[in-house]
Amino acid sequence: MSKKLTSRAEDYSKWYNELVVKADLAENSAVRGCMVIKPYGYAIWEKMQAELDRMFKETGHQNAYFPLFVPKSLFEAEEKNAEGFAKECAVVTHYRLQNDPDKKGKLRVDPEAKLEEELVVRPTSEAIIWNTYRGWIQSYRDLPLLINQWANVVRWEMRTRLFLRTAEFLWQEGHTAHATKQEALDEAKLMNNVYATFVEKFMAIPVIQGLKTESERFAGADETYCIEALMQDGKALQAGTSHFLGQNFAKAFDVKFANKEGKQDYVWATSWGVSTRLMGALIMTHSDDQGLVLPPNLAPYQVVIVPIYKNDEQFEAISKVAEDIIGDLRDRNISVKFDKRDTLRPGAKFAQHELQGVPLRIAIGPKDLENETVEVARRDTLSKQTVILDRVSVVVEDLLEEIQTSLFKKALDFRSEHTTEVNTFDEFKTVLETKTGFISAHWDGTNETEDKIKELTKATIRCIPLEGKEEDGVCVYSGKPSKRRVLFAKAY
């Protein structure tokens with residue numbers, strides 16, 4: 001199964017598309033630009049969702065749900081936000097179908113059923129949520145308001161790719177209201193840090209936290225914080241964003257509160273989100289030419305046990321040993337699957353689990369029973385070892401921790417090797433064409449220079465690193481003075 005994959009070196013994009021489908025993560029649907037997330041892929045998303053949801057609640061947030069449809073008048077209330085998303089909006093104009101009098105058995109839109117006001121299918125929920133918050137917030141006692149929702153959104157993309165860019169996708173979006181500017185800024189930074197912690201500790205992907213430039217900010221935000229990751233093909237991927245919205249939405253929707261002095265003021269706002277795009281990041285960061293490589297913290301099951309037998313008697317004896325191992329592993333909160341399907345030979349099972357990235361595989365055959373051992377195979381290194389039965393649960397627990405750590409280190413080493421400082425535009429172009437990855441270069445801070453570099457190279461400023469130090473220099477393109485380096489890259 002895995003041998004049929006196109007290699008990354010041959011065609012990285014084709015490799016990715018084949019892997020998503022062959023590993024049973026997702027497939028294209030009958031709806032143009034939309035995907036079906038299959039059970040194995042959705043199981044990974046559920047694990048992501050569960051961990052993020054826990055982290056959100058630990059920082060004081062509550063879940064709610066808001067409508068899928070946004071009246072156009074509400075959507076256009078915050079002008080920058082409306083303008084930023086206008087070209088991606090799907091719009092509902094009618095509310096009924098009828099039998100087509102000219103085509104038997106077909107339906108048409110009822111021309112008499114036109115809506116008085118068009119409804120936008122949410123590309124993001126600021127408009128409907130801030131219109132709602134106006135009724136929820138009257139006093140400083142109602143603040144801070146810390147709300148998250150898990151939802152789907154629609155952004156009418158013309159060029160789509162499974163998980164990375166689809167017309168409809170799943171995500172979470174946090175929307176918070178605060179009494180002061182500083183509280184809102186602290187919230188935006190906090191949630192960006194939550195995202196970074198999740199992506200590094202659970203996805204085993206190193207990220208750089210930073211600020212977006214003015215032209216790359218979320219439409220309607222005063223500042224956008226982000227986490228940027230580097231994929232194996234040297235392209236960057238924006239893994240999450242957190243926005244300081246200032247008072248823009250509060251003013252657009254007239255959301256005021258009485259402060260402790262009894263004076264009316266507009267609230268301060270944030271919004272933040274990550275989506276099923278993280279699935280794409282997970283695949284592209286760790287996987288290889290044999291298939292998926294999943295970090296144990298997010299694998300649907302961390303261990304698979306495959307019995308090798310010739311008759312029912314052997315199967316029963318192996319099953320008894322397997323059940324004991326399963327009990328021990330589950331006592332250690334390790335998820336395990338016993339693959340006792342009789343429709344596939346052991347070799348085919350090995351290939352499938354390798355393709356689907358199961359971190360550890362345990363094989364048990366008649367000789368293992370005699371020797372009171374099992375064979376344990378790692379997916380990340382494809383190495384195998386023989387382990388005595390009494391030690392299986394301890395060894396497995398240690399190996400899972402080692403795999404999680406090793407995957408992060410491997411990705412971090414790759415990013416370090418593919419982050420290059422340059423001082424001239426010729427160096428910039430050479431690195432971009434030959435080495436790829438992040439390019440650290442001085443920028444004069446103007447939109448004109450940023451746009452020109454993008455036009456000439458297709459590279460964008462991924463972020464202004466939060467941990468970047470100030471240093472005098474000259475812009476890599478214009479030669480004008482610069483106070484710090486920013487990170488450029490081609491991106492998804």
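Worth pointing out:
- Solvent exposure of the chain, expressed per residue, is 48 Å² of accessible area, with all protein chains present and a 1.4 angstrom probe.
- Counting only residues at least eight positions apart within a chain, or on another chain, the lysines with an alpha carbon under 21 Å from that of Lys256 are Lys80, Lys181.
- Cross-link reach list, aspartates and glutamates versus Lys57, counting only Cα pairs under 20 Å and skipping chain neighbours closer than eight places: Glu46, Asp142, Glu173, Glu183, Asp186, Glu187, Glu200
- Alpha-carbon centroids, region 113-128 and region 193-235: separation in whole Å: 29
- Computed over region 126-211, the quotient of the alpha carbon radius of gyration and 2.2 N^0.38 Å is 1.35.
- Cα-based helix-to-principal-axis angle, 346-355 vs the chain, degrees rounded to 10: 20
- DSSP-assigned coil residues among trypsin sites (Lys or Arg not before Pro) in region 236-334, each with at most 16 further Cβ atoms within 10 Å: Lys260, Lys263, Lys310, Arg332
- Dividing the Cα radius of gyration of region 327-371 by 2.2 N^0.38 Å, with N the residue count, gives 1.30.
- Anchor Lys251: aspartates and glutamates whose Cα lies under 16 Å away (excluding residues fewer than 8 positions away in-chain): Glu76, Glu78, Glu79, Glu126, Asp222, Asp265
- Ordering 49-59, 435-445, 396-406 by mean Cβ neighbour count within 10 Å, with the highest value first, yields 435-445, 396-406, 49-59.
- Seen against the Cα atoms of the chain and their longest principal axis, helix 447-457 is set at about 40 degrees.
- If you take the Cα centroid of region 138-158 and the Cα centroid of region 26-94, the two points sit 11 Å apart.
- Dmax and Rg, reported as Rg then Dmax, of region 81-178 (C-alpha, Å): 18.5, 61
- Computed from Cα atoms, the angle from the helix 392-417 axis to the main principal axis of the chain rounds to 50 degrees.
The values are calculated or read from the model by the stated rules, or taken from the named source; none is laboratory data. Fair warning: this is a prediction, and the values are worked out from it, not measured in the lab. As a convention, Cβ positions derive from the backbone with ideal geometry for all residues, glycine included, and neighbour counts pool all protein chains shown. The accessibility values were calculated without ligands, DNA or RNA, using every heavy atom of the protein model including side chains. Shrake-Rupley method; radii C 1.70, N 1.55, O 1.52, S 1.80 Å.
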